[in-house]
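Have a look at the structure below before the remarks.
The values are calculated or read from the model by the stated rules, or taken from the named source; none is laboratory data. Model, not experiment: these values are computed from the prediction. So basically every Cβ, Gly included, is an ideal-geometry build from the backbone, and we count neighbours across all protein chains shown.
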Amino acid sequence: MPLYTISETQMRDGCKRAIEGLELWLRRLIDDKLTEAYGQDYLNAQRDDGSRVIKSDLAKILAERKSQESTRFVRQIDASFLTDQIQIICNPILYKEHFADALSDIFPKGTDSTRTFLSRLVKPRNALSHANPVSVHDAYRVLCYSMDVVEGLKTYYANNNMANLYNVPTVVRILDSLGHVVYLSSSNRHPDGPAMVDYSQDEKSYLRCGDSISITVEVDPAFSPDQYEVEWLIANVGGPRITGEKFQMVLSDRFVSTRFCVVCRVISNKNWHKIGSCDDQIDIAYKVLPPI
């Protein structure tokens, strides 16, 4: 569908999903390749000659971002955005030793073409993040370039027997009205079952009757919203079934509990599901205090 025939909101939403999907896949590539070569602390690793694998200024920036938003960024690489990822991937040494095999089919002319094409997405990416205008030309570029890279990486992982055994939509980020932001990755979730985010022991996150709580999830943008449904339930207590990527309710005294658990389930349109009746499940726990 020509982009000029849809609303600006629809165009921006599609572009944001494409960019977020690209950044997720580039983080995965960087983490997989550099962890294998240098261990989990690759951002601070040194080569045999004493030189740093990653420049100290970039490692410092990522460490500071993670420190400032530790609940949002599980790993330091989760704090990397497109410009940071370009700096890592397009380092000539790192590209040749670690990334060329995954990216050569997408960018056959090597690191220079990789840097050129990815760098063209930085300006529209920043505009989308700061609610600034994006031209239709830039939107086409974002959609085409991002999808080319993501599809190329999917093919690479599949050809190397590294693809997910279950290719299903999963939650990649959780935000709530208390200000928490959590990125989900293999480092903070069980690969074969539900994930847990627990705020029930955090005094700053205690809730009380009459409070309202809202939780928003973002599903892997590689999947279109029409491929799955998101539903919300209240564990043990019961309550209304809510659908959509946002859960919101005012807490009554029936929800008083040392462990008030909101359950988010992602259910694909397929006839089978990874976890029995759903494909992903996140349990988000709070403590709800009784009325004063």
Collect the residues in segment 191-220 that are farther than 16 Å from L175 by Cβ and aromatic (F, W, Y), keeping them in residue-number order.
-> Y206
Taking Y156, is it over 22 Å from D78 (Cβ atoms), hydroxyl-bearing (S, T, Y) and in contact (Cβ under 8 Å) with a residue 24 or more places away in the chain?
-> no
Would you mind listing the strands (runs of 3 or more DSSP E) fully within segment 158-257 where at least 2 residues are touching a helix residue (DSSP H, G or I) at 6+ places or on another chain (Cβ under 9 Å) and of a type outside the set (D, E)?
-> 171-176
Top-ranked residue of segment 107-121 - restricted to ones that are among the hydrophobic types (A, V, I, L, M, F, W, C) and in contact (Cβ under 8 Å) with a residue 12 or more places away in the chain, ranked as farthest from G152 (Cα to Cα) = L121
Helices (runs of 4 or more DSSP H) (entirely within segment 51-114) containing at least 3 residues that are in contact with an Asp or Glu (Cβ under 9 Å, 6 or more places away or on another chain) = 56-68
Can you tell me how many residues in segment 203-225 are surrounded by fewer than 19 Cβ atoms within 10 Å (Cβ to Cβ), acidic (D, E) and touching a residue at least 12 places away in the same chain (Cβ under 8 Å)?
-> 2
Hey, among the residues in segment 127-157 that are surrounded by fewer than 14 Cβ atoms within 10 Å (Cβ to Cβ) and part of a helix (DSSP H, G or I), which one's nearest to the chain's Cα centre (by Cα)?
-> S129
Out of (1) at pLDDT 90 or above; (2) basic (K, R); (3) within 30 Å of N159 (Cα to Cα), the odd one out for K55 is which?
-> (3)
Of residues in segment 240-254 being surrounded by 15 or more Cβ atoms within 10 Å (Cβ to Cβ) and touching a residue at least 12 places away in the same chain (Cβ under 8 Å), the one farthest from the chain's Cα centre (by Cα) | L251
Out of V219, V262, V256, which single residue is among the β-branched types (V, I, T) and under 25 Å from R28 (Cα atoms)?
-> V219
Residue by residue through segment 5-64, note down the ones that are surrounded by 15 or more Cβ atoms within 10 Å (Cβ to Cβ), in contact (Cβ under 8 Å) with a residue 40 or more places away in the chain and of a type in the set (G, A, S).
-> G14, A18, G21
